[in-house]
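Participant: Please read through the structure below; I'll follow up with questions.
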Amino acid sequence: MTGRTESVRSARFVCPLCEAACGLLVGVAPDGSVEDVRGDREDVFSRGYICPKGVAVKGLHNDPDRLQTPMVRIDGRLREVTWDDAWTELGRRLPGLIKAFGPDAVGVYGGSGALHRLDARLYLPAMVEAIGTRTVFSATASELAPKQATAHLLYGSAQLIGVPDVDRTDHLVLIGADPVTSNGGLLTAPDLRARLRALRRRGGRLVVVDPRRSATAEGADEHLRIRPGTDATLLLGLVHVLVDEGLTDLGALSIPTRGLADVAELAADFTPDRVARRTRLDACAIRSLARDLASARCAAVHAGAGALTNGSGTITSWLVEVVNALTGNLDRVGGTMFPLPAHARLGGHGAVLPDADSDAPSGDLPAATLAARMDDPGFDRLRALVVVGGNPARSLPNSARWRAARDRLDLLVSVDIYLNETSALADVVLPVPSPLERAHYDLDRYALAVRNTANYSAAVLPLPLGMHAEWETLARLALVALGHPAADDLSEFDDHVALRLAQRLSAPPDALAPDRTGPERLLDLLLRAGPYGLSLDDLECNPHGLDLGALEETLAERLGDHKVDLAPPALLAFGPELRADLDIDDAPMLMLVRRGHLRSNNTWLHNLPAMVSGGRRCTVHVHPDDAFRLGLRDGGLAKVIAAVGWVLAAVQVTDEVGVGTVSLPHGWGHDEPQARLRVAAARPGVDYNRLTNDAVLDPVTATAARNAVPVRLVAHTGDAPATEAPAPERHVGLDRRRTPRPPVAETFGPA
Ligand SMILES: Nc1nc2c(c(=O)[nH]1)N[C@H]1C(S)=C(S)[C@@H](COP(=O)(O)OP(=O)(O)OC[C@H]3O[C@@H](n4cnc5c(=O)[nH]c(N)nc54)[C@H](O)[C@@H]3O)O[C@H]1N2
Ligand SMILES: Nc1nc2c(c(=O)[nH]1)N[C@H]1C(S)=C(S)[C@@H](COP(=O)(O)OP(=O)(O)OC[C@H]3O[C@@H](n4cnc5c(=O)[nH]c(N)nc54)[C@H](O)[C@@H]3O)O[C@H]1N2
Ligand code: SF4
Ligand SMILES: [Mo]
C-alpha cells in the first residue's frame, strides 16, 4: 500500500540522469511537493524499471544545497545576488574580453549535465554560435569520440555508430562495459540486467572482458579477466584465429567491404599464445571466443567506456567493428545494428576526427586538452571559460593542472544546479532549474538505443519564482557577451535560432509550429524532419512513449555508395606500435582502472544521503597477492602514486580485481572548501583524476586515458612524509603521447 491520496497527481517524467532514459511517474501533492518517484509500467521501453538514481530525483529536487540564486565573486567570496547583478557583472567583463582577444579566447565546456537536457543541448550550440567561439570542449563526447572516429573512418559518417542487438542476439561479448552498474555503457537499454538475463534464458551466451569482476561479469557465462589496456591486442588475436582457421564470413554481409587482406596481415603476428601472454588470458579461451563468435547464429561484440578510455580506444573500437564484420554480424539482426532515432540528427558536440573534410565545420575539442588551452603560454590562451553542466575540476585528467590553470583565467562562469568543485571557483554562477521543472527528450541517447523509441515529457512542476529556464539563461548569456542589455527580449534570438535550424534542415520557415517557442519548437521541427515524420503533438499524445519498432538492417542504405573500409590507413598506421606492444612485459606494474557504483553519477549526486549510504565506498581495491607483496592491509591506508600526482586511499583487499590491477571509483574528492555540497563534503573521498595524466591520450581522438593508469602503491602509516619517487611515467604499448592532430572535423550529431 502506498497510502497515496486521491489528490496526488501522477506526472510522467523521462529521467535524464543516465543513458537508459527511463519513463518514470512522479507523484505530486496539491501543494506542489513531490511525494514519490516510481517506474512507469506502461512506458514502451523501460516498462516500469527504475534505479536508485531515478528514485533520488525527489531528493535532488528537495536538496537544500541546490542553487536557487545567481552568485558573483565579490572581494574574493561568492555571494548570492540578483539576476540583474549577475548580468551586470558579466556585461562588464565578457564583451571587453571578446573585443580584446577575439571570441576564441572564450572557451565553452559542455558537460554531461547540459548535453543530456533537452533545452541546454539545443541552446548551448546556439550560444556558442552567437558568441562566435570555436574553442568548445565537450565532456560527453569524450568516451564516444573513439566510436565516432571509427564510424567516420569505416563508414564515412561519424553518426553511424552500431549497438549490439541485445534483445535478439545469441552471443554477446562486452568489453570494458559494466551496464548492470552503469545502466549504460554507450547503450540505451533500460534494465539491461533483465535483458542480459533474458539472453541467457533463451540459451544465449554472455562473455564479459574486464580486469575486474564487475556486476555484469558476475552474471556472465564467462569472465575474461584481461590485463587493462590490452583490448586491441585481444581483438587482433581474435582476427588472427578467424583468418587462420578460415572462419571469416564476410559473405554474410549485405554491404561491400574492403581491407580484409590488410587487417589479416596486421593480425598475422597475433597468435593466441603471444596474445595470451600480453593480455594475461588463456590461449584456449582466446581461440574458443573466436570460434564461438564465428559459429553463433548471430553474435555481437561491444566496447564500453572502460575499453574506450584506456589510451587506445579508437584502435579498440575499430577492431571491434572488424570482428563484427568478419563474423558476418555487422548490421544484422542479433548482431550489431544501427539505430534510427525519431528526430533529425544535428551537429553539435563531437570529436576531433582524423582526415576529415577541412571545409566542414569543426567538431568539439577533446575535453582532455582544456587545461592546456588555459595555461598556454602564448596568445592562444583562454581568457574566459563558460562551464555548462560540467565539473572539469574533477572530470578532467590531471585535475591539479586544471586547478592551477584556473587561476590564469580572467573569468570563469558556471551554469550549474550545484555549487560544485568547479562552480565554487567561478566568478559568476548561474543556477538552473531542477530536472522536474523542465521538459525532456534526449537528443543523444536514442541514437544508441537497442530499440527505436521516442519519449517526451513536459515539465512536471512550474518554474519557481526567480528561476529561469536554462535555455533562456544560455540565450541571455550570449546576448550579454555580445554587449546587448540584459533586459533585451529573448524572442528575437529564439526566432533566429529556430530559423537557423530550419535552414540547416532544409525545411521551409512555415515548418516551424506557430504556437510553440523555445526548445519545444526546435524539437517539433527536428521530429518533423526526422525519418518517421512525427511531430511533438504525436509524442504529447503518447505520454508513455512511442515504440518505433525493433532495429532494422539499414546500414547498406545509409552508406550510399560508400564501401566499408576495414583497414583505414589512419588506423593501420598503428600496426608497428601494436606489434611492438605484443612483446612488452609490464608485469611489475600496477594498473589502475575505474570501478563504477550504481549509486553514483560521475562527479555529482553524492550530496544526496540515499546515494552515499552504506559502507565505505571510495577505497582502493587490491588483490590479496599484491596486498601481501606490498605489505598493505585491509582497512589500512595506501598512497596511490601516479606520474602526475598521488592520493591517500583506504585499502580494500579483494579478488574482485586481478593480480596487477587496482581500482578506485571516479567522481569523489569533494574537498573543495568553497563548494556547497554539505552531505558530500562529510565523506569527500579522493579525486581519481589527481592520478590521470593529461599527456597520455588516445593518439587518434585525444580521449583521456582514465583506465590502465600505471601506479605504485605504498603502505601509509599516517605520518610518513611524501618523499616517494613518482611512478613510471611512460605508458607501455601504444605511444599515446603524440600530439593530437589539429581540430579538423566534420560536425556530426548526437550519438
Ligand atoms: N551508476 C552510474 N552510472 C553511470 C555513470 C556513473 O557515474 N554511475 N556514468 C555514466 C556515464 S557518463 C557513462 S559514459 C557510462 C559508462 O559506463 P560503462 O561503459 O559501463 O563504463 P565504466 O563503468 O566506466 O567501465 C566499465 C568497465 O570497464 C572496465 N575497464 C577498465 N579498464 C579497462 C580496460 O582497459 N579494458 C577492459 N576490457 N575493461 C576495462 C572497468 O573495470 C569497468 O567494470 O555510465 C553512465 N552511467
Ligand atoms: N577518472 C575519470 N574521469 C572521468 C570519467 C571516468 O570514468 N574516470 N568519466 C568521464 C565521463 S564518461 C564523462 S561523461 C565526464 C563527465 O564529466 P562532466 O560533464 O564534467 O561532469 P559531471 O561529473 O557529469 O557533472 C555534471 C554537472 O552538471 C550539473 N548538472 C546537473 N543537472 C544539470 C542541468 O540540468 N543543467 C546544468 N547546467 N547543470 C546540471 C551537476 O551539478 C554537475 O556539476 O567525466 C569524465 N571523467
Ligand atoms: S537507469 Fe538511468 S534513466 Fe533509468 S531511472 Fe536510473 S538514472 Fe534514470
Ligand atoms: Mo560519459
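The values are calculated or read from the model by the stated rules, or taken from the named source; none is laboratory data. Note that the structure is predicted; figures quoted are calculated from it, not measured. Using ideal geometry, Cβ is built from the backbone for each residue, glycine included, and neighbour counts are taken over all protein chains shown. Ligands, DNA and RNA are excluded from the accessible area calculation, which covers all protein heavy atoms including side chains. Shrake-Rupley method; radii C 1.70, N 1.55, O 1.52, S 1.80 Å.
Participant: Please report the Cα spread of the range 401-444 along all three principal axes, rounded to whole Å, starting with the longest.
Facilitator: Result for the range 401-444: principal-axis Cα extents of 37, 21, 16 Å.
Participant: Given a Förster distance of 41 Å, report the FRET efficiency between A261 and R200 from their Cβ-Cβ distance, rounded to the nearest 0.05. Mind showing how you got there, number by number?
Facilitator: On the way: r = 37 Å, r/R0 = 0.90.
That gives a FRET efficiency of 0.65.
Participant: Roughly to the nearest percent, how much of the accessible area of the range 89-164 is carbon and sulfur, given a 1.4 Å probe?
Facilitator: Of the solvent-accessible surface of the range 89-164, carbon and sulfur hold 54 percent.
Participant: Can I ask one more? Could I have the simple spin-label model distance between R92 and D655, label points 7 Å from Cα toward Cβ, reported in nm to one decimal?
Facilitator: In this crude spin-label approximation the distance works out to 6.4 nm.
Participant: Follow-up question, since we're still on this one. List the aspartates and glutamates whose Cα lies under 18 Å from the Cα of K99, skipping any in the same chain that are fewer than 8 positions away.
Facilitator: The reachable aspartates and glutamates, counting only those whose Cα sits under 18 Å from K99, are E89, E129, D380, D410.
Participant: Here's something else I'd like to know. Could you grab the relative contact order for the range 1-132? Cα pairs under 8 Å, six or more apart, rounded to a whole percent.
Facilitator: Details: 145 pairs, mean separation 16.6, N = 132.
Relative CO of the range 1-132 lands at 13 percent.
Participant: Stretched out fully, how many nm does the piece from A486 to D167 gain, at 0.36 nm a residue minus the Cα gap? Intermediate values should be presented prior to the final figure.
Facilitator: Numbers: separation 319, 0.36 × 319 = 114.84 nm, distance 5.10 nm.
That pair, A486 and D167, stretches by 109.7 nm at full extension.
Participant: Still on this structure, please answer the following. In deg cm²/dmol, rounded to 500, what helix-only [θ] at 222 nm does the chain give when every DSSP H run of at least 4 residues adds -39500 (n - 2.57) and the total is split over its residues?
Facilitator: On the way: 28 runs with 234 residues, N = 751.
One gets -8500 deg cm²/dmol as the mean residue ellipticity at 222 nm.
Participant: Hey, what's the chain come to in accessible area per residue, 1.4 Å probe, Å²?
Facilitator: Heavy-atom accessible area per residue stands at 35 Å².
Participant: Over the range 550-665, what is the mean sequence separation of C-alpha contacts under 8 Å (at least six apart), divided by residue count, expressed as relative contact order in percent? Walk me through the numbers on the way to the answer.
Facilitator: Details: 119 pairs, mean separation 34.9, N = 116.
Relative contact order comes out at 30 percent.
Participant: Out of every Cα pair in the range 178-231, what percent are spaced more than 18 Å from each other? Provide the component values of the computation, followed by the final result.
Facilitator: Values: 448 of 1431 pairs.
So the portion of pairs separated by more than 18 Å is 31 percent.
Participant: Okay, moving on. What is the percent carbon and sulfur in the accessible area of the range 415-494, measuring with a 1.4 Å probe over the protein chains and ignoring ligands?
Facilitator: Working: 1150 of 2040 Å².
Reported share for carbon and sulfur atoms: 57 percent.
Participant: What do you get for Rg/Rh of the range 235-340 when both radii come from the Cα atoms and Rh is the Kirkwood radius? Could the numbers behind the result be given before it?
Facilitator: Details: Rg = 13.3 Å, Rh = 14.1 Å.
That ratio equals 0.95.
Participant: Just need the relative contact order of the range 33-102 here, percent rounded to a whole number, with Cα pairs under 8 Å and 6+ apart. Display every interim value, and only then the final one.
Facilitator: Numbers: 48 pairs, mean separation 11.8, N = 70.
This gives 17 percent for the range 33-102.
Participant: For the pair S288 and T69, what calculated FRET efficiency results from E = 1/(1 + (r/R0)^6), where r is the Cβ-Cβ distance and R0 = 45 Å, to the nearest 0.05? Don't skip to the answer; put the middle values down first.
Facilitator: Working: r = 61 Å, r/R0 = 1.35.
About 0.15, to the nearest 0.05.
Participant: Give me Rg/Rg_expected for the range 122-246, where Rg uses Cα atoms only and Rg_expected = 2.2 N^0.38 Å with N residues. Intermediate results must be reported in sequence, preceding the final value.
Facilitator: On the way: Rg = 18.0 Å, N = 125, 2.2 N^0.38 = 13.8 Å.
The value comes to 1.30.
Participant: Same structure, new question: Hey, any idea what % of the range 200-317's accessible area is carbon plus sulfur with a 1.4 Å probe?
Facilitator: On the way: 1810 of 4080 Å².
Answer for the range 200-317 is 44 percent, counting heavy atoms of protein chains only.
Participant: So how far apart, in nm, are the two label points at E222 and D510 if each is 7 Å from Cα heading toward Cβ?
Facilitator: 6.2
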